[in-house]
1. Counting alpha carbon pairs within less than 8 Å and at least 6 residues apart, what relative contact order, in whole percent, applies to the chain?
2. How much of the DSSP bridge set in the chain is antiparallel, in percent, rounded to the nearest 5?
3. So if I take the centroid of the Cα atoms in the stretch 253-297 and the same for the stretch 103-145, what is the distance between those two points in Å?
4. Run the numbers for residue 100 and residue 180: contour at 0.36 nm per residue of separation, minus the present Cα-Cα distance, in nm.
5. Using only the Cα atoms of the stretch 3-298, build the gyration tensor, take square roots of its eigenvalues as a ≥ b ≥ c, and label the shape rounded, prolate or oblate: rounded if a/c is under 1.5, else prolate if a/b is larger than b/c, else oblate.
6. Just flag the trypsin sites (Lys or Arg not before Pro) in the stretch 147-254 sitting in loop per DSSP whose Cβ has no more than 10 other Cβ atoms within 10 Å.
7. If I model a spin label as a point 7 Å beyond the Cα along the Cα-Cβ vector, how far apart are those points for residue 156 and residue 190 in nm?
Amino acid sequence: MSLRTRWSRTLTAAAVAVGLTTGILFLANPTAVAIAEDAAATQPIEKGLRVYSAGHSFHYFVPGQLAQMATAAGIKDHVQVGLSAIGGSRVIQHWNVLDDKFKSKEVLKSGRADVLTLAPIHLPDEGIEKFATLALEGNPDIRVTVEEFWLPYDIYDTTFTNHPKQVDHNAPTADDLRKLHAPYFKSMDAHVEELNKKFGKPVVFVVPAGQAIIALREKIIAGQAPGLKQQADLFTDPIGHATAPLEALVSYCHFAVIYKRSPVGLPLPQVLAAANKPEWDDKLNRLLQELAWEAVIQHPLSGVKVAAAK
């Protein structure tokens, strides 16, 4: 066994241990480990990318914030080339839009996108494969990201039909949240691996937003999240629509995956600055950045791998 292989396996085991203690959950598997072992340390992307996005209301705030973060990071020429926004949607609904209303297929077929961001709800969702296949035809080097989100209403309901009117977001413990999300994360990871196997190379990558959110909620429970007193501070309603701190956290996760670089150190984003809440300050912003980066580098399907310590 080579030194590189031994180090990769040690790093993977350490990441699993850290994930269990921090509340960030991911599920390692042979294909993901093989990709990690074969990959060199990820180099950050310095050039602006062309991004197309399709998703629901837990996602379609990301494009605007991602553009601001890219500018703040000194990344020039970042372009949001389009957005397909449908509330409560599965990816297949964006594929089936009549007359290509949002120009998603037109943009992807023409090769005018470097990154396609998707936000499914639950599987099965054949739209992910359809979009990824079309995107590859237009640009063989395109990356497709899938947002693993936080479960609506704090329940695991694959039918997405159980809509309770009242939800106590403060009730779950960190262990409750990890157990609740485990089958969802497992199914999404398995689907991403299956697609990459079909494509014969890593094309689809995971944005572990849900894992970062569990870590943040654990910090809140422990009284270690500056400016956030309770888990409910992250949500505007029972379904779980995001307040400004949660929007920033999710957007940082996307920034980290798309540009393969840490968001730690970026200035207070507009979404927090405009909230008119002095307690949502630089200390909270730093925590959100750290949790996003930690979630991304720990997830074996994010496409981001930190350099090994020497």
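1. Values: 528 pairs, mean separation 68.0, N = 310.
Result for the chain is 22 percent.
2. Taking every DSSP beta bridge within the chain, about 5 percent pair in antiparallel fashion.
3. Their Cα centres are 26 Å away from one another.
4. Numbers: separation 80, 0.36 × 80 = 28.80 nm, distance 3.60 nm.
Stretched out fully, the residue 100 to residue 180 stretch lengthens by 25.2 nm.
5. Judged from the Cα gyration tensor, the stretch 3-298 comes out rounded (a/c under 1.5).
6. 165
7. 1.2
Every number here is computed from the coordinates shown, using simple stated rules; none is lab data. This structure is a prediction, so every number in the text was calculated from the model and none was measured. No Cβ is skipped: glycine too gets one built from the backbone with ideal geometry, and neighbour counts run over all protein chains shown.
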